[in-house]
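Below is one structure, written out as structure tokens, with a few remarks after it.
The values are calculated or read from the model by the stated rules, or taken from the named source; none is laboratory data. The model shown is predicted, which means the values in this text are computed figures rather than measured ones. In this analysis, Cβ positions are derived from the backbone assuming ideal geometry, glycine residues included, and neighbour counts consider all displayed protein chains. We work out accessible area using only protein heavy atoms, side chains counted, and drop any ligands, DNA or RNA first. Shrake-Rupley method; radii C 1.70, N 1.55, O 1.52, S 1.80 Å.
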Amino acid sequence: MNDVTAPTGSATGRVVLLTTSHRVAPGLLSWPAWQALRSADRVLCADGAHPQLPYLREAGIRVDEAAPTAEDLVTACAGGRTVVVVATGEGEPALTDGLARLAGSGRVSLPELELLPASYDLPGARLLDLIQVMDRIRAECPWSSQQTHKGLAKYGIEEAYELVEAIEDGDRDELREELGDVLLQVVFHARIAEEDEDAPFSIDDVAATIVTKLVHRHPHVFGDATATTPEEVKEHWLRTKAVEKRRESVTDGIPLHQPGLALAAKLASRVRSAGLEVPLPSSEGIGYELLALAARAEAEGVDPEAALRAAARAYRDAIRAIEGT
């Protein structure tokens, strides 16, 4: 190995490792990053196709395409010089590991090493990674490439129930994972929808639709309306929703294939919110008894499905207790 010790009495210089996010448009760098680049004695980048290079060169910054070793950097920084290394997408593990080994040897005076993030991920930026992963899976996975909206429908239901279970169990790790599984269903369906020959749409269209809906249904946030209580917010929501959907009945839009207790509670909620007086149908049978219980639960602010699940869990625990004796 070459002797890379800086000359006696000279400054060891400075290495700036410049990192950027591939989720942010190239060229959108922080002011400290531009300052470091403009004041550097040398700027190096191992990747000749790095997306930042055209913008750096357009700004008048000379970038040498080189993959320096740790020893090369020590030599380049001798005499107090500053070298900026534009990191590749993987970072520069070989380079930083090499500098660490030199430092551990105790034989080399290392330059000052600074890690400078030149761009940061915006909130939600990792969603772009999910979309890219989904694109590749759809194209290359034998199973995923054959899926349809109908074929995936059951998984959406299953994932929604698993999410509810994680919420009710209070398991934060499980909650994060199940939210991801539900999000995957949305991205997967949107990816399939892009391929429709008659009416394609993308995940951006899905997001734009819900953004428009949320803004329109929150005039107390984005408009001139006022709402100081949750009840007033709900009134705004129902009123604007009714106008959007042009519904003739308060029952329009209620999915009839949802679980029975949830369906009964939803109907009771719509009746109560609309101020209607609709007596429950009177007939014998356990179905009508359950309907009355669901309506009662809704009136008392209780989710009958959640209440029944809690009771069922208690029953399951009792069963296991007996089995364990």
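Out of all the residues in the stretch 100-108, is one or more surrounded by fewer than 19 Cβ atoms within 10 Å (Cβ to Cβ) and at positive phi?
yes
Of (1) surrounded by fewer than 14 Cβ atoms within 10 Å (Cβ to Cβ); (2) within 29 Å of Trp237 (Cα to Cα), Arg296 satisfies all except one. Which?
The failed condition is (1).
Does any residue in the stretch 264-276 that is closer than 18 Å to Glu232 by Cβ and among the small types (Gly, Ala, Ser) come within less than 9 Å, Cβ to Cβ, of a residue that is open to solvent by less than 60 Å² (accessible area, probe 1.4 Å) and assigned to a loop (DSSP other than H, G, I, E, B) six or more places away or on a different chain, and which pairs are these?
Close Cβ pairs (under 9 Å, with a partner that is open to solvent by less than 60 Å² (accessible area, probe 1.4 Å) and assigned to a loop (DSSP other than H, G, I, E, B)) amount to Ser273/Val250; Ala274/Val250.
Got a sec? Which of Glu58, Glu65 is under 36 Å from the mean Cα position of the chain (by Cα), charged (D, E, K, R) and under 23 Å from Arg14 (Cα atoms)?
Glu65
Please enumerate the residues belonging to the stretch 184-227 that are hydroxyl-bearing (Ser, Thr, Tyr) and open to solvent by less than 60 Å² (accessible area, probe 1.4 Å).
Scanning the stretch 184-227 gives a single hit, Ser202.
I'd like the full set of residues that are in contact (Cβ under 8 Å) with a residue 24 or more places away in the chain, more than 15 Å from Val85 (Cα to Cα) and not small (Gly, Ala, Ser), limited to the stretch 21-50.
Hits for the stretch 21-50 are His22, Arg23, Val24, Pro26, Leu28.
Scan Pro304, Pro281 and give me the residue that is touching a Leu at 6+ places or on another chain (Cβ under 9 Å) and free of Cβ contacts under 8 Å to residues at least 24 places away in the same chain.
Pro281
Pairs please, first residue from the stretch 213-235 and in contact (Cβ under 8 Å) with a residue 24 or more places away in the chain, second anywhere and open to solvent by 40 Å² or more (accessible area, probe 1.4 Å) and of a type outside the set (Gly, Ala, Ser), Cβ atoms under 6 Å, 6+ apart in sequence or on different chains.
As it stands, the answer is Arg217/Trp237, since those pairs meet every condition given.
Please specify each residue of the stretch 82-94 satisfying the condition of being modelled with pLDDT under 90 and open to solvent by 10 Å² or more (accessible area, probe 1.4 Å).
Thr88, Gly89, Glu90, Gly91, Glu92, Pro93, Ala94
Kindly indicate whether Glu114 is closer than 21 Å to Ala66 by Cα and modelled with pLDDT of 85 or more.
Here the answer is yes, as Glu114 does meet what is asked.
In the set Val243, Val250, Val278, which member is at pLDDT below 90, hydrophobic (A, V, I, L, M, F, W, C) and open to solvent by 80 Å² or more (accessible area, probe 1.4 Å)? Show your work before the answer.
Numbers: Val250 fails: open to solvent by 80 Å² or more (accessible area, probe 1.4 Å); Val278 fails: at pLDDT below 90.
None of the other options fit; the residue is Val243.
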